[in-house]
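First up is the structure itself, then whatever we jot down about it.
Rule-based calculations on the coordinates, nothing more; no lab input. Bear in mind that the values here come from a model prediction, so they are computed numbers and not experimental data. Cβ atoms come from the backbone with ideal geometry, glycine included; neighbour counts cover every protein chain shown.
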Amino acid sequence: MPDKKQNQVKSKARVANHGEVFTAEREVNAMLDLVKQETERIDSRFLEPACGDGNFLAEILRRKLAVVKNKYRRSPSDYEKYAVLAISSIYGVEILPDNINNCCERLFEIWDKEYTANCKKDANDECRKAVRFILKRNILCGDALTLKNAKDEPIIFSEWSLVTGSLMQRTDYRFDKMLEEKIIKPDIPPGTEQCDDATAQLSLDILDRKANDDEETRVRDFPLIHYRRVQYAK
């Protein structure tokens with residue numbers, strides 16, 4: 001779907017039934033600027049617990065990809081690897097399935113446009129398939145209040161980490177158990193004395209391996225595999 005200017009309300013019924021009101025672009029950027037350093041760190045993880053069709057996540061991805069381009073534009077292989085790392089660090093939960101589908105497609109199109117433009121003839125479909133798979137694992141249909149997915153099961157997020165060279169590690173975690181173990185607070189940017197709730201929800205590093213390393217929280221570790229082939233790890 002084209003990433004075009006969006007109305008803040010899709011319908012009165014959706015507002016009444018789900019409280020759905022989309023944040024305007026100006027407010028999105030103003031809030032993200034409060035944690036600007038984190039939005040420009042390639043591997044900094046963000047979770048939007050009511051992501052809609054991705055207004056915040058799309059802007060975070062754009063900022064991260066701008067950093068990847070600035071650092072690695074002269075090396076298509078490095079650009080590809082760190083562009084994958086950038087999109088793998090973005091997470092969302094949303095209760096409405098159509099928003100989830102739109103969000104995944106929107107993020108993929110932003111990523112693929114930059115990837116194709118920067119890697120040109122070196123861009124490949126295997127990497128694109130990996131990114132689509134990562135988005136399926138990171139942008140989930142569920143309720144961030146009940147911490148359950150659309151099947152009324154616990155929400156499970158995947159952490160993606162570049163371990164060595166081009167090898168990526170996937171580890172799955174239960175979201176409810178992570179929240180039981182740890183009060184998650186954002187890093188307050190230098191010069192900022194306090195951080196409001198809206199900013200807090202955007203700067204969550206939800207997958208801190210050291211804090212979430214017990215058996216109940218960690219669901220499964222997957223074998224190391226090339227980042228282009230994460231969808232094949234068993």
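As a test of understanding, state the convex hull volume per residue of the range 35-188 from its alpha carbons, in Å³.
That works out to 114 Å³ per residue.
Can you order the peptides 127-139, 34-46 by their average number of other Cβ atoms within 10 Å per residue, highest first?
Ranking the peptides 127-139, 34-46 by packing returns 127-139, 34-46.
So how many Å³ per residue does the convex hull of the Cα atoms of the range 72-154 work out to? Before the final figure, lay out the partial values.
Values: hull volume 7.1 nm³, N = 83.
So the per-residue hull volume is 86 Å³.
What list do you get for 168, 178 if you sort them by fewest beta carbons within 10 Å?
Fewest to most other Cβ atoms nearby, the residues stand as 178, 168.
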